[in-house]
Amino acid sequence: MKLYDNIHANAPIRVRIVLLLKNIPFERIPVGFSSERNRTNPTSYDALNPQGMVPVLADENFVIWQSLAIAEYLDELFPTPPLLPADSRGKAHVRSLALMIACDAQPLANFRVREFLIREFGLPDAEMLRWVRHWLAESLTDYETAIVRHSTPGRFSYGNSPTLADVYLFPHVLHAKRFGVPLDAYPAVMRIFNECMAIPAFYNARSEDAPNNARAGK
Ligand SMILES: N[C@@H](CCC(=O)N[C@@H](CS)C(=O)NCC(=O)O)C(=O)O
């Protein structure tokens, strides 16, 4: 497996967690970001992923993008340990949690969004930071509410073993830390984050400690 990755990026951490949890060997291919995409002269990476984002997974000639699609593909190919509950309701619940982050939270703080706000609206750094912190804090409040009110009790977002919900939550908390979001208001989220930190696959998937760091575009 090849993982197209960027050392500073958040979304590929999700895929690295899945690969490491399931002991799937992989090679990281570094991808650089530019501040504005050139639609008239697309790069070879744009040919791989029409969105030009990371992560992309190449399983031999099969190329797939969007971390949730990648994670579920890997979960089906390598079922142990499972990252979705066996029952339909459990699956739907875990996907709801993961999608809160994947669809509604992380995109608002993405590199291209931040770049656009600065470049096109002249947003000063401090205001841009306010934007990012605001949406990160909102999303953590919503996640905290969701797990306190609606999840099955347990050590993780859903029960006693990590699921795709935790695969999404963990890098999101790292992102919030990086942007200086105060985290005291989210005790349930932070309890789960600390449980994840104790699992080598989560810990080692973080950008600083990821395998093949030297290849990852420093
Ligand atoms: N929904 C996508 C999000 C991917 C994404 O946002 N990737 C970011 C890095 S964390 C990216 O490539 N950003 C480059 C850019 O914004 O131009 C997924 O889950 O794979």
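Let's see how each residue does on (1) of a type outside the set (Val, Ile, Thr); (2) in a helix (DSSP H, G or I); (3) under 16 Å from Arg14 (Cα atoms):
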site	(1), (2), (3)
Gln51	yes, no, no
Ala71	yes, yes, yes
Leu74	yes, yes, yes
Pro79	yes, no, no
Pro82	yes, no, yes
Leu99	yes, yes, yes
Ala102	yes, yes, yes
Gln106	yes, yes, yes
Arg114	yes, yes, no
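Residue pairs whose Cβ atoms lie under 8 Å apart, sitting 6 or more positions apart in sequence or on different chains, and linking a residue in the stretch 11-39 that is of a type in the set (Asp, Glu) to a partner that is modelled with pLDDT of 95 or more, are Glu27/Met1; Glu27/Lys2; Glu27/Leu3. I'm checking my understanding of the structure. Among residues of the stretch 46-62 that are of a type in the set (A, V, I, L, M) and within 11 Å of the ligand (Cβ to nearest atom), which one is farthest from Asp166 (Cα to Cα)? Step by step, filter the stretch 46-62, then rank; the result is Met53. If you go through the stretch 8-45 and pick out every residue that is within 11 Å of the ligand (Cβ to nearest atom), under 22 Å from Leu108 (Cα atoms) and either modelled with pLDDT under 90 or among the charged types (D, E, K, R) (or both), you end up with 8.
The values are calculated or read from the model by the stated rules, or taken from the named source; none is laboratory data. Just so we're clear, the structure is a prediction, and the values are computed from it rather than from any experiment. So basically every Cβ, Gly included, is an ideal-geometry build from the backbone, and we count neighbours across all protein chains shown.
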